[in-house]
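S.K.: I have a structure here, written as structure tokens, and I will follow up with some questions on it.
The values are calculated or read from the model by the stated rules, or taken from the named source; none is laboratory data. Keep in mind that what you see is a predicted model, and the values were worked out from it rather than measured. Using ideal geometry, Cβ is built from the backbone for each residue, glycine included, and neighbour counts are taken over all protein chains shown. Note: areas computed on protein heavy atoms with side chains; ligands, DNA, RNA excluded. Shrake-Rupley method; radii C 1.70, N 1.55, O 1.52, S 1.80 Å.
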Amino acid sequence: MSTKCSVMKFNTKTIHGNQEYDKAYGAVMPPIYQTTTYAQTTPGGHKGYEYSRSGNPTRTALENSFASIENGTHGLAFGSGLAAIDAVMKLLKPGDEVISTNDLYGGTYRLFTKIFEGFGIKFHFVGMENASKIESYVNKNTKLIWVETPTNPMMNIIDIKATAAVSKKHNILLAVDNTFATPYLQQPLNLGADIVMHSATKYLGGHSDVVMGALIVKDKELADRLYFIQNASGAVCGPQDSFLVLRGIKTLHIRMQRHCENGKAVAEYLKQHPKIENVYWPGFSDHPNHDIAKAQMKDFGGMVSFTTKGNNYKEAIKIVENLKIFTLAESLGGVESLAGHPASMTHASIPKEEREKIGVVDSLIRLSVGIEDEEDLIADLKQAIG
Ligand SMILES: Cc1ncc(COP(=O)(O)O)c(C=O)c1O
């Protein structure tokens, strides 16, 4: 069976998109080709694989699935989400400029400012809630717009279609970090983006057991440039991890459905809690970009952030320490609920005054709402917040 993805709907694609049964024995899941190299009959006489940095059949199966679920033509898998972003940045050269979301994952900010600024690339960190603001930062050196939506951890929503209009007008690449939304909720390539990036560590893998990154594009020339970087720089993932993420993707749609249901229940519970100041979740009608979220996303996801009245650092720490079902841990997007304190964890690499400007205040708590029973999650928050 060769399953061409264009004719399938999303849920079917997660399971079958661009997949083939194993040619040797008909195995339904691709074998884990735990091999470095491949026998050749004569120099160059091989079956499509020479060395596993350049390509591995298990990784190919996963990369084909990535392309399918994001409606792209080419997928590339990396050793981590940051390795995938690193590959995109290597499309640039000194003197080039990037316009980036100002409220973004701290590790991405660190990669941009601590590594690529040193190589002569200039970054403009811009609040993109209003896409018209982006254009004023465009000049002849601008080569890339980097968008994260929903943003981590403030859950801002950026209008991908409106941003794509700006990028197309000025012939700039548009890359979207789709980690929080996943293709279940939004498909940036359909909205005009050129590159979709994932920390596949999160919802795509879905079980908190692997670290991986992904890029998906719909243009062969861009894919070739990225394949060259993937092989030349070598930040690839192994076959076992490829297998795990491929398995994770097969249940992405049902997991996401439950993440969204539980996310809504948790957000609504927190919103009415007398000790809670702000709840950041794009499903609320008073969220500043709720209308854009409604238009570009199928639902509102399982990520919810909140602050407590009085904005007390110690009180926030106490809440995350008190949680019993939510595990205090870095990361997100797994089946289990996690809680994090961005100011001291994921966003500690952003200077305090910078992070506070974008809302990452001392009492901010970020929840990755899992797929447990909703009642248990709410009871846990109730006992932890008091
Ligand atoms: C939105 C977002 N992008 C990128 C990354 C980096 O991915 P990784 O940790 O797989 O390198 C993360 C990690 O938390 C993330 O949340």
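S.K.: Return yes when ILE371 is under 15 Å from GLU277 (Cβ atoms), at pLDDT 95 or above and among the β-branched types (Val, Ile, Thr) and no when it is not.
M.R.: So ILE371 fails the test.
S.K.: So, in segment 293-302, exactly how many residues are open to solvent by less than 40 Å² (accessible area, probe 1.4 Å) and in a loop (DSSP other than H, G, I, E, B)?
M.R.: 4
S.K.: Checking ARG110 against (1) out of contact with any strand residue (DSSP E or B) (no Cβ under 7 Å at 6 or more places or on another chain); (2) modelled with pLDDT of 95 or more; (3) within 28 Å of ILE160 (Cβ to Cβ), only one condition comes out false. Which one?
M.R.: Here ARG110 clears every test but (2).
S.K.: Here's another thing I want to ask about it. Run LYS122 past the list (1) within 16 Å of the ligand (Cβ to nearest atom); (2) open to solvent by 30 Å² or more (accessible area, probe 1.4 Å); (3) in contact with a strand residue (DSSP E or B) (Cβ under 6 Å, 6 or more places away or on another chain); (4) not hydroxyl-bearing (Ser, Thr, Tyr) and report the number of the one that doesn't hold.
M.R.: (1)
S.K.: Name the residues in segment 101-119 that are open to solvent by less than 60 Å² (accessible area, probe 1.4 Å), without any contact (Cβ under 8 Å) to a residue 40 or more places away in the chain and of a type outside the set (A, V, I, L, M), would you?
M.R.: PHE112, THR113, PHE116
S.K.: In addition: Write out, first by first residue and then by second, each pair whose Cβ atoms fall under 9 Å of each other, whose residues are 6+ apart or on separate chains, and whose first residue, in segment 54-65, is acidic (Asp, Glu) while the second is crowded, with 19+ Cβ neighbours inside 10 Å.
M.R.: GLU63/ASN18; GLU63/HIS74; GLU63/GLY75; GLU63/LEU76; GLU63/ALA77; GLU63/ALA214; GLU63/ILE216; GLU63/SER242
S.K.: Output the residues belonging to segment 314-364 that are assigned to a strand (DSSP E or B) and either buried (at least 17 other Cβ atoms within 10 Å of the Cβ) or among the basic types (Lys, Arg) (or both).
M.R.: THR327, LEU338, ALA339, GLY340
S.K.: Name the residue, out of ASN139, ASN156, ASN152, that is within 16 Å of the ligand (Cβ to nearest atom), open to solvent by 10 Å² or more (accessible area, probe 1.4 Å) and either polar (S, T, N, Q) or within 22 Å of ARG225 (Cβ to Cβ) (or both).
M.R.: The match here is ASN156.
S.K.: Suppose the filter is of a type outside the set (Phe, Trp, Tyr), over 21 Å from HIS198 (Cβ atoms) and either crowded, with 21+ Cβ neighbours inside 10 Å or touching a Gly at 6+ places or on another chain (Cβ under 9 Å) (or both); does ILE134 pass it?
M.R.: The answer is yes for ILE134.
S.K.: Additional query: Can you pull out the residues in segment 228-240 that are touching a residue at least 60 places away in the same chain (Cβ under 8 Å), within 16 Å of GLY75 (Cβ to Cβ) and not aliphatic (A, V, I, L, M)?
M.R.: GLN230, ASN231, CYS237, PRO239
S.K.: Next up: Considering only residues that are in a helix (DSSP H, G or I), farther than 19 Å from ASN64 by Cα, of a type outside the set (D, E, K, R) and more than 16 Å from the ligand (Cβ to nearest atom), which ones fall in segment 169-201?
M.R.: Within segment 169-201, LEU191 is the sole residue that qualifies.
S.K.: Could you please give the count of residues in segment 54-100 that are among the hydrophobic types (A, V, I, L, M, F, W, C), within 16 Å of the ligand (Cβ to nearest atom) and open to solvent by 10 Å² or more (accessible area, probe 1.4 Å)?
M.R.: Residues in segment 54-100 being among the hydrophobic types (A, V, I, L, M, F, W, C), within 16 Å of the ligand (Cβ to nearest atom) and open to solvent by 10 Å² or more (accessible area, probe 1.4 Å): 2 in total.
S.K.: Give me a count of the residues in segment 261-294 that are within 22 Å of PHE10 (Cα to Cα) and in contact (Cβ under 8 Å) with a residue 24 or more places away in the chain.
M.R.: Total meeting the criteria: 5.
S.K.: Now a separate question. Confirm whether ALA165 is hydrophobic (A, V, I, L, M, F, W, C), at pLDDT below 95 and either more than 15 Å from ILE85 (Cα to Cα) or more than 15 Å from the ligand (Cβ to nearest atom) (or both).
M.R.: No: the conditions fail for ALA165.
S.K.: On to the next question. Looking at (1) within 16 Å of the ligand (Cβ to nearest atom); (2) under 25 Å from ILE249 (Cβ atoms), which one does ASP299 not meet, given that it meets all the others?
M.R.: The failed condition is (1).
S.K.: Consider ILE292 carefully, then state whether it is on the phi < 0 side of the Ramachandran plot and at pLDDT below 95.
M.R.: Taking the combined requirement at face value, the residue does not satisfy it.
S.K.: So, in segment 208-226, how many residues would count as being out of contact with any Ser or Thr (no Cβ under 9 Å at 6 or more places or on another chain) and away from the ligand (no atom under 14 Å from the Cβ)?
M.R.: Residues meeting the conditions: 5.
S.K.: Continuing with the same structure: Does ILE32 meet the test of being in contact with a Pro (Cβ under 8 Å, 6 or more places away or on another chain), among the β-branched types (Val, Ile, Thr) and open to solvent by less than 40 Å² (accessible area, probe 1.4 Å)?
M.R.: Taking the combined requirement at face value, the residue does not satisfy it.
S.K.: Now for a different question. Answer with yes or no whether ILE216 is over 23 Å from THR36 (Cβ atoms), in contact with a helix residue (DSSP H, G or I) (Cβ under 8 Å, 6 or more places away or on another chain) and at pLDDT 95 or above.
M.R.: So ILE216 fits the description; yes.
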